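A quick write-up on the structure given underneath.
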Amino acid sequence: MATLSHDMTLDILRCLSVNDLLRFKCVSKFWCSWIEDPYFIKLHLSYSLKTNTNRSLIVRYCKYQFLSVNYDSPKTTRSLKQPLSEQKKYIQILGSCNGLLAVEDDDGRILLWNPTTRKYQVLPSTEIEFPSPPIRCSRSTYYGFGYDPVSDDYKLVRIVQLLGAKDEYFHSEAKVYSLRSNSWRRIKDFCFYFISYRQLGFLANNVLHLLAFKTPESSKKDLVGFDLRSEEFSLVELPDFCLDENIYFDVKAMGGYLCLSATYWELGDIVADVWIMKEYGVKESWVKLMSSTYPDLLLCSPSEVPLAFSKNGDKVLFHFKLNRDRRDSLVWYDLGSKRVEEVGIRGVPIVYDVDLYVESLVPLNLNPPRVRKKRTSTSKKKFCPERGKC
């Protein structure tokens, strides 16, 4: 019987789920080395991202319980064990990228966690290097997590700001953690003001984003981007209607695009529009994806930005916190028919948080293994009792 070539085998393996690949590592040392090879890991991830496969929702409920939900079949769920095996630790997700999650527990420890391979790594702690602040001041913290394709590195950005009660004191500190070097370093300070005491960044085009003010007194929100490649901050232009104080808007990322939701009153109805930036950094490329009135979506918070596109792109997934019913809800919105379909998740209480991630084999040790030097002809051979001379 003819055997498959190396390339054909890789083409087959890259289409499989991570759980299947983890099982196949036990077939032989040869298969194990293939599946653990950095080239194959990137090949598998690239195929998953391109074909919208191996996507899952990670649901957190009761503060410390986690559930992985199949994106295309929400009734298929899998319980996840917390990292560190401390099952009653409160954990917040700080960011998700390529199957890795940046999380923080209630002791302030930050970890990188691959819930699919069940591997994790505790990040080294880093002090906040502020001069003595006044007694009365507010502290704000920002986290953003993403991938830098230039250095082939995963980076976590932390920005901490202290603001005096009467704006007489302001100090900002920005640091970047590198998974490749497993260390933190100080970077250029962030010259904008946070809009809330705790913000999480959203990733699009290898750039982390957040909404911020230019001054503490400002009411105009600006979209600020941090390029993970150049490690520089810059402004991203929003549509002109964002200047209207009667329009409430929020920005997140969806399907690799910047996505903006805008809510306003029109003829006595609450109208919710969703826009996406088709070409990153080009103001004119903001296009309206959908528009609906408040009763159509049955929302209590119509400013929510959708989580993701469906596999074929004809639906968008929303996560709503319905204050009226005191419950959370996942909803598919059909862009063509404008119909709403609520998604039921088995085994989840009525209140939960949800994030999107792709199942991957991405390891937490990015440093390649050392290559053993080949023996020279003059080197002495060692004797192995079990195998004879080797």
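The values are calculated or read from the model by the stated rules, or taken from the named source; none is laboratory data. On a predicted model such as this, the values are computed, not experimentally measured, just so you know. FYI the Cβ positions are ideal-geometry reconstructions off the backbone, even for glycines, and counts take in every protein chain you see. Each accessible area value is taken on the protein alone, full model and side chains, heavy atoms only, with ligands, DNA and RNA left out. Shrake-Rupley method; radii C 1.70, N 1.55, O 1.52, S 1.80 Å.
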Practice prompt. Pop a pseudo-label 7 angstrom from the Cα along the beta-carbon direction at both Leu366 and Tyr64 and give the gap in nm to one decimal.
Written response: 3.1
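Give, as a single signed number, the net charge of other residues whose beta carbon lies under 13 Å from the beta carbon of Gly256, with Lys and Arg counted +1 and Asp and Glu -1. Show your work: numbers first, answer last.
Working: positive: Lys50, Arg55, Lys252, Lys278; negative: Glu279.
For residues surrounding Gly256, the net value is +3.
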Practice prompt. Evaluate the distance, in nm, between pseudo-label points positioned 7 Å from the Cα of Phe30 and of Glu237 along their respective Cα→Cβ axes.
Written response: 5.8
Response to the item:
HN-Hα couplings for the range 70-82 via Karplus (6.51, -1.76, 1.60; θ = phi - 60°), in whole Hz with x for Gly/Pro, come out as 4, 5, 8, 9, x, 6, 8, 10, 8, 6, 10, 7, 5
Item to complete: Using a 1.4 Å probe over the heavy atoms of the protein chains, calculate the carbon and sulfur portion of the accessible area of the range 169-225 as a whole percent.
Response: 53
Worksheet entry | Inverse mean reciprocal Cα-Cα distance (Kirkwood Rh) of the chain, Å | 23.5
Fill in: As computed over the range 144-282, the Cα convex hull volume per residue (Å³)
121
Worksheet, complete the sentence: Along the range 214-222, Karplus-curve 3J(HN,Hα) (6.51, -1.76, 1.60; θ = phi - 60°) to the nearest Hz, with x for Gly and Pro, reads 6, 9, x, 7, 5, 9, 8, 8, 10
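Keeping every protein chain present and rolling a 1.4 Å probe, give me the accessible area per residue for the chain in Å². Mind dumping the intermediate values first?
On the way: 21760 Å² over 390 residues.
Counting only protein heavy atoms, the per-residue value for the chain is 56 Å².
From the Cα trace of the range 1-55, what convex hull volume per residue do you get, rounded to a whole Å³?
84
Report, in deg cm²/dmol and to the nearest 500, the calculated mean residue ellipticity at 222 nm for the chain, where each DSSP H run with n ≥ 4 adds -39500 (n - 2.57) and the sum is divided by the residue count.
Values: 5 runs with 40 residues, N = 390.
When only DSSP H runs of four or more count, the value is -2500 deg cm²/dmol.
So if each residue of separation counts as 0.36 nm, and I subtract the Cα-Cα distance between Val351 and Asn19, what length gain in nm does that give?
Length gained between Val351 and Asn19: 116.7 nm.
How would you rank 350-363, 18-31, highest first, on the average number of other Cβ atoms within 10 Å across their residues?
Values: 350-363: 18.6, 18-31: 13.2.
Order by mean packing, descending: 350-363, 18-31.
Figure the gain on full extension for Lys278 and Arg139 (residue separation times 0.36 nm, minus the Cα-Cα span) and round it to one decimal in nm. Mind dumping the intermediate values first?
Working: separation 139, 0.36 × 139 = 50.04 nm, distance 3.53 nm.
Full-extension gain reported as 46.5 nm.
Pulled fully out, how much extra length does the chain show between Thr9 and Ile247, if you take 0.36 nm times their separation in residues and subtract their Cα-Cα distance?
On the way: separation 238, 0.36 × 238 = 85.68 nm, distance 5.37 nm.
That works out to 80.3 nm of additional length.
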Item to complete: Could you work out, for the range 111-191, what percent of all Cα-Cα pairs fall into each 5 Å distance bin, beginning at 0 Å and stopping at the bin that holds the largest distance?
Response: 3, 12, 21, 21, 16, 11, 8, 6, 2, 0
Worksheet, complete the sentence: Within the chain, the percent of DSSP beta bridges that are antiparallel, given to the nearest 5, stands at 95
Worksheet item: Residues with beta-carbon under 10 Å from that of Val59, excluding Val59: net charge, scoring Lys, Arg +1 and Asp, Glu -1?
Response: -2
